[in-house]
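Everything on this sheet refers to the single structure shown next.
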Amino acid sequence: MKISKNITAAMMILLSGTSAFAINGDLLIGVGAKSRAMGGVGIAKSNGAESALVNPAMLSAISDTELSITSTFFMPVAYYNGGAGEEYSTSDFTVIPEFSMATKLNENFYVGFGVWGVGGLGADYSESGTALNGGNGTMQMVTSLGLMKVGVPLAYEKDGLSVGFTPMLQYGELDIHFNAPTSPTTYQTVGEGSGKDVGFGYNFGLAYDLSNVNIDNLTVGFVYKSSIKMSYDGQISAATQAFAPLLGGSLSDDLEQPAEIGFGVSYKILNNHTLAFDYKRVQWENADGYSDFGWKNQNIYILGYEYAQKSWALRAGYNYAKSPLREQDGSTTAGATLNMFNLLGFPVNIESHYSVGGGYSFSDKISVDAAFVYANEQQNTYNTSALAALNMAPNEVSVRHSQTSLSLQLNYNF
């Protein structure tokens, strides 16, 4: 337990400096290099110990004890145009750690432990422009949300049916600060320090190997992830208080992690080829905080492929999900303000993601995996005409955003 506590503490320190590393909303696609190389699939495809967070039921595929350590190097590129030309977000590099361990207790029971950096969002325009320290329309805004989960997955398998359950602890840290205009020539600094919170939830998963009903090489899976209540004192309320007359009041500090539901299928062809498909629905509309910003539920479609030999594997994948951001009615002050906040502080407009990767086994005990993910540039322009009428913004604002990431993973079996 001392080792586990030290790992948890170290990862909390790492996450305290994170910023923008979202893919599907504020969530990374997949956990671990194997899953990420296949676009994030894992509901019906076992990826060893790293399966614990995607679908705990898939832990039933491990044969002994497995440990995986992963680092993801995340590199987003975002440009915001607030009316005076594009400004660059310097939040362009983040290291995201993951640790997974699982063991087979007997013929039916499996248990594990994991600490995972799972997502976040943000941007950093603190170095942009001048315009009386307003950053040429960016307000020199800095937003940073880091999310980490700690869980102990449990799985039971009998006659091809696997059931998994993971009690989950989530740690989050949110920081929002900026220079808010008070007149055409003055501003006030809003926000200081960060808010932290810990919440609790659970993951529940099922998987079934249909070879038990004479349909060989086909596995189906289901997963449900509960919502997790989170609140970051003095962050969202302070940030939106500066615009309370426009919004009709400040927003609460709640930022609930939404519930998810998902289904998956994987099929092995000629022993070496595996095709997998996952569908997930993330319920942003029902999550406190995200619903206040007008986020919509998100349908995620993932297709993954793996070609595996005894000592090596090649993988590829595609992940698509329409952005949860939706343009609000910019002819109203509330809608225009939310449009500005969403594109400036929470640029999660990425939709298509392409991934490749592979793995190599040095021995029966040691192997490595890698994944590269590219999200092509997405540009969105939203109406802020109600703010323009008050000389607070142009008629519209826009953001350009793309992402690349590299995941490296070390696995040890014993």
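Here the dipole of the chain is about 840 debye; that uses its Cα centre as origin and unit charges on the Cβ of Lys and Arg (positive) and Asp and Glu (negative).
If you count, for each residue, the other Cβ atoms within 10 Å and average over each peptide, how do 239-248, 266-275 line up from highest to lowest? The partial results should precede the final answer.
Values: 239-248: 18.0, 266-275: 14.7.
For the peptides 239-248, 266-275, the packing ranking is 239-248, 266-275.
The label point for Asp64 and the one for Arg326, both projected 7 Å from the Cα toward the Cβ, are 5.2 nm apart.
Would you please put 52-58, 93-99 in order of how densely packed they are, using the mean number of other Cβ atoms within 10 angstrom per residue and starting with the highest? Can you show the working numbers first?
Numbers: 52-58: 31.0, 93-99: 19.6.
Answer by packing, highest mean first, reads 52-58, 93-99.
Excluding Phe93 itself, calculate the net charge of residues whose Cβ lies under 15 Å from the Cβ of Phe93, where each Lys or Arg counts +1 and each Asp or Glu counts -1. Don't jump to the answer; show the numbers that get you there.
Numbers: positive: none; negative: Asp92, Asp124, Glu127.
Counting the neighbours of Phe93, the net charge comes to -3.
What is the distance in Å between the Cα centres of segment 385-410 and segment 341-380? Going from one Cα centre to the other spans 20 Å. Spatial offset of segment 57-128 relative to segment 172-228 amounts to 11 Å, using the alpha carbon center of each. Charge dipole of segment 217-366 (Cα centre as origin; +1 on each Lys and Arg Cβ, -1 on each Asp and Glu Cβ, all else neutral): 760 debye, rounded to the nearest 20.
Show that you can apply the helix-only estimate: for the chain, add -39,500 (n - 2.57) for every DSSP H stretch of four or more residues, divide by all residues, and state [θ] at 222 nm to the nearest 500.
-3000 deg cm²/dmol
For the options Gly48, Gly39, Gly191, a Gaussian network treatment of the chain with springs between C-alpha atoms closer than 10 Å singles out Gly191 as fluctuating the most.
Using C-alpha pairs below 8 Å separated by at least 6 residues, the relative contact order for the chain is 18 percent. Here Ser227 and Tyr412 are evaluated by their C-beta separation; at R0 = 35 Å the FRET efficiency comes out at 0.55. Rounded to the nearest 10 degrees, what's the angle between the helix 2-15 long axis and the longest principal axis of the chain, both from Cα atoms, 0 to 90? Helix 2-15 sits at roughly 30 degrees to that axis. Please give, to one decimal in nm, the separation of the simple spin-label points placed at Leu169 and Asp92, each 7 Å out from Cα toward the Cβ. For Leu169 paired with Asp92, the spin-label model returns 3.7 nm. Pairs exceeding a 29 Å alpha-carbon distance, out of Lys229/Lys365; Lys229/Lys268; Lys225/Lys268: Lys229/Lys365; Lys229/Lys268. Nearest 10 degrees, 0 to 90: what angle lies between the long axis of helix 333-345 and the longest principal axis of the chain (Cα atoms)? The angle comes out at about 50 degrees.
What the Cβ-Cβ distance of Ser311 and Ser402 gives, at R0 = 22 Å and to the nearest 0.05, is a FRET efficiency of 0.05.
Using per-residue counts of other Cβ atoms within 10 Å, averaged over each peptide, order 61-70, 143-152 from highest down.
Descending packing order for the listed peptides: 143-152, 61-70.
None of the figures in this text is laboratory data; all of them are computed from the coordinates on show. All figures in this text were calculated on a predicted structure; none of them were measured in a lab. Methodologically, a virtual Cβ is constructed for each residue, glycine included, from the backbone with ideal geometry; neighbour enumeration extends over all protein chains shown.
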